[in-house]
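A quick write-up on the structure given underneath.
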Amino acid sequence: MTETPTLGSTDAAWMASRRSAAVDRLADLAMPSEREEIWRYLDLDFDPDIPSAPNAPGGAGGRDTVLDGWHGDVVSIIDGFVVTEGVPTIAEADDEVSLVGDDDLFSTAFTAYAPGAALLTGDQLTSQVLVDVQSTSSATTFPGVHIEVPGGSDASVIVRFRSTTDVGATVVPTVTANVGDNARLTLTMIQDWNYQTRSLGRGVISLHRDASVLFNEVGLGAKLGRLHLDINFVGSGSNAKVYGAYFGEDNQTLDYRYFMNHIGVHTRSDMFLKGAVEDNALSVFTGMIRIEETGQKTEAFQTNRNLILSSGAAAQSVPNLEILANDVMCGHGSTVGPLDKDQRYYLMSRGLTPESADRLQVRGFFEEVITQIPDEAIAAWVRDRINGKYVAAQQEGRV
Amino acid sequence: MPNALEVRDLHASIGDLNILKGVDLTVPFGEVHAIMGPNGSGKSTLSHVLMGKDEYEVTGFASIDGVDIMGMTVDERSRAGLFEAFQYPTQIPGVTLDDLTAEMAVSNPSDDGFEQRIAAASERLGMDRFRSRAVNVNLSGGEKKRTEMYLLGVASPKIAILDEIDSGLDIDAVREIGDMIESLRSPDRGIVVITHYSRILAYMSPDRIHVMVGGRIVKSGGSEIAEELEAKGYTEYQVANA
Ligand SMILES: Nc1ncnc2c1ncn2[C@@H]1O[C@H](COP(=O)(O)OP(=O)(O)OP(=O)(O)O)[C@@H](O)[C@H]1O
Ligand SMILES: [Mg+2]
């Protein structure tokens with residue numbers, strides 16, 4: 001493990017000036033308000049305590065099922081610090097990488113206080129990478145990952161977020177990717193923070209000519225688990241497949257704000273997210289397909305399906321379209337509802353108890369998205385985790 | 001000896017709509033019966049009410065092998081020995097046929113014959129390529145009926161009610177399914193085939209044919225009834241019943 005230098009001491013020149021500008025701006029930035037559309041439905045009545053980033057990473061967490069089943073490389077980030085030897089950060093890079101603008105309190109705080117996002121490119125991407133992002137501290141931390149996929153190449157990255165203590169934290173994760181001409185990225189994000197942690201995540205993926213991304217997100221943990229994702233279809237012919245599976249229980253809020261920004265011609269996005277909520281959990285999905293004037297021949301589709309498993313739970317599902325081009329094809333669908341009665345009846349008529357019928361139905365509901373996760377061991381782990389939450393709720397009479 | 005199925009004065013309604021208006025039906029073990037009747041006469045409703053679907057207000061009596069099923073839930077009726085092949089089988093996305101039959105076995109721990117019946121029914125109906133696919137999802141009409149027959153073979157019930165198992169089947173499949181129903185005839189089982197066509201009955205030897213009109217069984221008899229209906233339709237019964 002490397003010695004941890006003081007914050008900013010290894011910054012490249014561009015980063016140093018960006019950092020100090022962000023520190024200055026922070027003084028004027030307030031907590032966002034749920035009156036703003038992009039923060040609507042949330043309970044923002046908490047103090048994010050910025051700046052409070054620790055100046056050294058906490059102790060490393062142990063191995064677990066995900067790591068044990070993993071055969072590729074591992075990059076560890078603890079409390080925002082990249083602790084794996086030989087992995088550079090964007091803060092030290094010669095060229096500026098800034099895919100997230102400093103457009104609110106959290107993104108500006110990230111610029112000001114993140115030690116530096118792990119920079120994955122070239123050598124780091126020759127085999128599959130699992131980024132193990134750990135939180136140990138009650139301080140607000142700023143873990144980041146930037147993936148630079150060179151033109152014509154393939155990269156496969158899984159970013160898994162976890163708490164290795166039961167301390168409640170505020171975390172501002174930022175994952176960005178630049179996918180070069182004719183390059184392909186497979187990116188899977190797994191949010192598995194403890195139920196005391198608030199995570200205000202940002203993601204930006206920029207796709208250049210004929211680039212493609214297969215993006216999967218799994219939402220398991222967090223008191224507030226938010227991901228504001230932008231996919232920028234900059235290059236012509238670029239395309240994205242976006243899948244999601246989330247399961248909320250207890251008092252969790254799982255919050256997804258996905259923006260598909262179609263700029264180049266002949267681009268395509270397919271969004272497909274499935275979620276379930278039980279107890280007093282809330283899920284939010286707002287999907288925006290935005291097609292610029294230049295985005296002719298765009299094909300863009302979004303579907304969000306939600307299961308409400310107990311009466312105290314709720315799901316907001318809001319598909320949006322903003323279309324400035326005239327030759328495009330778009331579609332959207334959104335459903336929020338309880339388990340299907342006809343399916344329950346059919347399964348019970350085959351001898352299944354109502355509990356096994358519902359368990360099978362919940363499992364089947366998520367299969368469509370879980371099977372999109374490219375790593376089979378990870379997919380199996382996700383399947384067990386999601387179904388395990390439902391089975392536990394059944395056994396405890398919460399659903 | 002009790003009968004496979006006994007139904008006495010069964011009524012079912014939804015709101016103000018009376019659908020079943022006093023159905024009486026006895027199916028002894030070892031027999032195969034057919035129910036024919038015009039669209040909307042209540043045949044599928046009878047299947048669902050016997051299976052215990054909770055949409056209806058129900059009065060009357062029904063038993064399987066002498067056991068009163070009226071107070072039972074749907075799954076209890078299944079375990080008591082009732083099988084309904086659905087006219088419109090339900091899609092279960094993300095759940096494979098193998099997942100379903102595995103759960104059927106788990107739900108009936110006292111029955112250790114599942115593995116053997118899964119193998120036998122799969123072989124007989126050529127189900128191998130369907131078993132890893134989601135139940136009834138993206139299947140053709142005929143493939144869904146084949147799936148229902150497969151699940152019938154796996155369940156091995158005391159009384160099977162097959163609701164239009166022959167609709168949507170091609171000519172060869174009608175013969176195949178007709179033969180299979182006849183081969184499932186057993187001293188431990190009764191079978192009821194609900195159909196609109198005498199074609200499937202030609203491959204079986206039904207012991208009795210019942211005519212259902214307006215929520216009642218209005219006539220019962222031998223196979224001559226099927227021929228008579230083919231020739232004359234239901235008009236005389238509907239007039240008589242009006
Ligand atoms: N859930 C329901 N709500 C309202 N009406 C219903 C419902 N279920 C059945 N019915 C009505 O009850 C009557 C009997 O329907 P059923 O499906 O039992 O007929 P069927 O004899 O099976 O007809 P088919 O030969 O067309 O399959 C029909 O008029 C139908 O519209
Ligand atoms: Mg019918």
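Just so you know, all these numbers are worked out from the coordinates, no wet-lab data involved. Just so it is clear, the model here is predicted, and its values are computed rather than measured. Note that we place each Cβ from the backbone using ideal geometry, even for glycine, and neighbour counts take in every protein chain shown.
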ask   = So, counting K/R as plus one and D/E as minus one, what does the shell of residues with Cβ under 12 Å around A:Asp340 add up to?
value = +1
task = Could you size up the charge dipole of chain A around its Cα centre, putting +1 on the beta carbon of Lys and Arg and -1 on that of Asp and Glu, and report it in debye to the nearest 20?
result = 1060 debye
note = If unit charges are put on Cβ atoms (+1 for Lys and Arg, -1 for Asp and Glu) and the dipole of the stretch B:1-124 is taken about its Cα centre, the option from B:Gly37, B:Ala4, B:Val74 lying farthest towards the positive end turns out to be B:Gly37
key: Kirkwood-based Rg to Rh ratio, the stretch B:152-241, C-alpha trace   = 0.98
remark   = the stretch B:166-200 and the stretch B:1-52 have their Cα centres apart by a whole-number Å value of 19 Å
remark   = Counting only DSSP loop positions in the stretch B:58-125, the trypsin sites (Lys or Arg not before Pro) whose Cβ has at most 14 other Cβ atoms within 10 Å are none
inquiry  = Checking the a/c ratio against 1.5 first, then a/b against b/c, what shape does the Cα gyration tensor give for the stretch A:208-274?
reply    = prolate
note = For the stretch A:1-112, the percent of all C-alpha pairs falling in each 5 Å bin, from 0 up to the bin holding the max distance, is 2, 9, 15, 18, 18, 13, 13, 9, 2, 0
ask   = Hey, what do the phi angles of the stretch A:86-95 turn into as Karplus ³J(HN,Hα) couplings, whole Hz, using 6.51/-1.76/1.60 and θ = phi - 60°, x for Gly and Pro?
value = x, 9, x, 10, 5, 4, 8, 5, 5, 9
key: Overall Cα dimensions of the stretch A:320-399, principal axis frame, Å, largest first   = 53, 32, 24
key: 222 nm mean residue ellipticity, helices alone, for chain A (DSSP H n ≥ 4; -39,500 (n - 2.57); rounded to 500)   = -5500 deg cm²/dmol
task = Once you've got the GNM for chain A with C-alpha springs shorter than 10 Å, pick whichever of A:Ala114, A:Ala56, A:Ala155 has the biggest mean-square fluctuation.
result = A:Ala56
ask   = Over all distinct Cα pairs, what is the inverse of the mean 1/r for the protein assembly as shown, reported as the Kirkwood hydrodynamic radius in Å?
value = 27.9 Å
ask   = Tell me, what ³J(HN,Hα) does each residue in the stretch A:171-184 have, in order and in whole Hz, if you take phi through Karplus 6.51 cos²θ - 1.76 cosθ + 1.60 with θ = phi - 60° and put x for Gly and Pro?
value = 10, 10, x, 9, 10, 10, 8, 10, 10, x, 3, 6, 9, 10
remark   = Going fewest to most other Cβ atoms within 10 Å around each Cβ, A:Met271, B:Met127 line up as B:Met127, A:Met271
request  = Give me the orientation-averaged projected area of the Cα convex hull of the stretch A:251-377, in nm², one decimal.
outcome  = 9.6 nm²
Interatomic Cα distance distribution for the stretch A:108-205, bins of 10 angstrom, percent = 16, 46, 28, 9, 1
remark   = The FRET efficiency for B:Asp98 and A:Leu324, from their Cβ-Cβ distance with R0 = 45 Å and rounded to 0.05, is 0.40
inquiry  = Quick check on the exposure proxy: order A:Glu376, B:Glu76 from fewest to most C-beta atoms within 10 angstrom.
reply    = A:Glu376, B:Glu76
note = Given the candidates B:Leu201, B:Ile118, B:Ile171, the one whose Cα lies deepest towards the positive end of the charge dipole of the stretch B:5-240, counting +1 at each Lys or Arg C-beta and -1 at each Asp or Glu C-beta, is B:Ile171
task = For the stretch A:246-318 and the stretch A:37-58, compute the distance between their C-alpha centroids and round to whole Å.
result = 23 Å
key: Nonlocal amide H pairs with A:Ala117, under 5 Å, H built at 1.01 Å   = A:Ile90, A:Ala91
key: Charge-dipole axis of the stretch A:242-291 as Lys and Arg at +1 and Asp and Glu at -1 on Cβ define it, positive-most pick from A:Val284, A:Val242, A:Leu273   = A:Val242
query = Two-decimal Rg/Rh of the stretch A:13-339 from alpha-carbon positions, Kirkwood Rh?
reply = 0.95
query = Under 5 Å between amide H atoms, partner at least 5 residues away or on a different chain: which partners does A:Asp255 have, H built in plane at 1.01 Å?
reply = A:Gly225, A:Arg226, A:Leu227, A:Val284
message = Quick check: residue separation of A:Asp181 and A:Glu292 times 0.36 nm, minus the Cα distance between them. What number comes out in nm?
response = 37.9 nm
message = Restricting things to Cα coordinates, could you compute the convex hull volume per residue of chain B in Å³?
response = 125 Å³
request  = May I ask you to derive the relative contact order of the stretch B:5-240, considering only C-alpha pairs under 8 Å and at least 6 residues apart, and to give it as an integer percent?
outcome  = 29 percent
Cα-centred dipole magnitude for chain B, charges only on beta-carbon of K, R (+1) and D, E (-1), debye, nearest 20 = 240 debye
ask   = In vacuo Debye scattering of the stretch B:43-86, one point per C-alpha: log10 I(q)/I(0) at q = 0.15 Å⁻¹?
value = -0.31
key: Amide H within-cut-off set for A:Thr303, under 5 Å, with H built and near neighbours excluded   = A:Met271, A:Phe272, A:Leu273, A:Gly333
ask   = In whole Å, what is the distance between the alpha-carbon centres of the stretch B:144-163 and the stretch A:348-399?
value = 26 Å
Average projection area in nm² (convex hull over Cα atoms of the stretch A:280-350, one quarter of hull surface) = 6.3 nm²
Using distinct alpha-carbon pairs, which all enter the 1/r mean, Kirkwood radius of the stretch B:1-118 in Å = 15.9 Å
